[in-house]
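Working notes for the structure below.
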Amino acid sequence: MAAERERVLISRSPAATRALGAALGRRVPPGTLVALDGELGAGKTCFVQGLAGGLGVSDPVTSPTYALLQSYPGRLALHHFDAFMEGRERALLLDGGLEWMHAGGVAAVEWAARVEDVLPLPRLAVRLEHAGPELRRLSIGVVGDSAELRGVVRDLECPAGIEEGV
């Protein structure tokens, strides 16, 4: 499902991608689902590391590819999923993992397109693409009906190293 009213941004570095994630983390309400997609190495985990910082998470955030789910305490808890190995992750989500999406914190799902048919609405959709050796193109939008999430995307301030893109 395509995101509505996407905002396209260009990141000049991994630090800028993390800073953008942090800016988003400071603004999202409890219960937000952030669905991330993009090529291998495009910066999904980097973005989630920033998101975690914006949520007040102080623990190091790593990719949950083999653990399936990692939770981190913060101002709002972060529940970090990885759907790279679609079969296991789909089973986890359908066998109770979706409850973490409604646990009052923020859920981030990497490789979300692989399981989008079971992900709840509304949600933020973040797509990261290589645009050069250090450059990344990020599309951020809302899937489903949520004026609150649309406002988060619209009012998101670009940190240093991030600019509006095409």
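Remarks
- Candidates in region 1-40 are the residues that are surrounded by fewer than 16 Cβ atoms within 10 Å (Cβ to Cβ) and among the hydrophobic types (A, V, I, L, M, F, W, C); of these, the one that is modelled with the lowest pLDDT is M1.
- Looking across region 123-134, just one residue is crowded, with 18+ Cβ neighbours inside 10 Å and either free of Cβ contacts under 8 Å to residues at least 60 places away in the same chain or among the β-branched types (V, I, T) (or both), and that is V126.
- Residue in region 88-102 that is at pLDDT 75 or above and part of a loop (DSSP other than H, G, I, E, B) present: no
- Considering (1) charged (D, E, K, R); (2) farther than 16 Å from R127 by Cα; (3) at pLDDT below 75, the lone condition that D59 does not fulfil carries the number (3).
- F47 meets each of the listed conditions (1) aromatic (F, W, Y); (2) modelled with pLDDT of 95 or more; (3) open to solvent by 60 Å² or more (accessible area, probe 1.4 Å) apart from (3).
The values are calculated or read from the model by the stated rules, or taken from the named source; none is laboratory data. The shown structure was predicted, so the numbers you read here are calculated from the model rather than taken from an experiment. Every residue, glycine among them, receives a Cβ derived from its backbone with ideal geometry; neighbour counts consider all protein chains shown. Side chains are part of the model used for accessible areas, which takes the heavy atoms of the whole protein and leaves out ligands, DNA and RNA. Shrake-Rupley method; radii C 1.70, N 1.55, O 1.52, S 1.80 Å.
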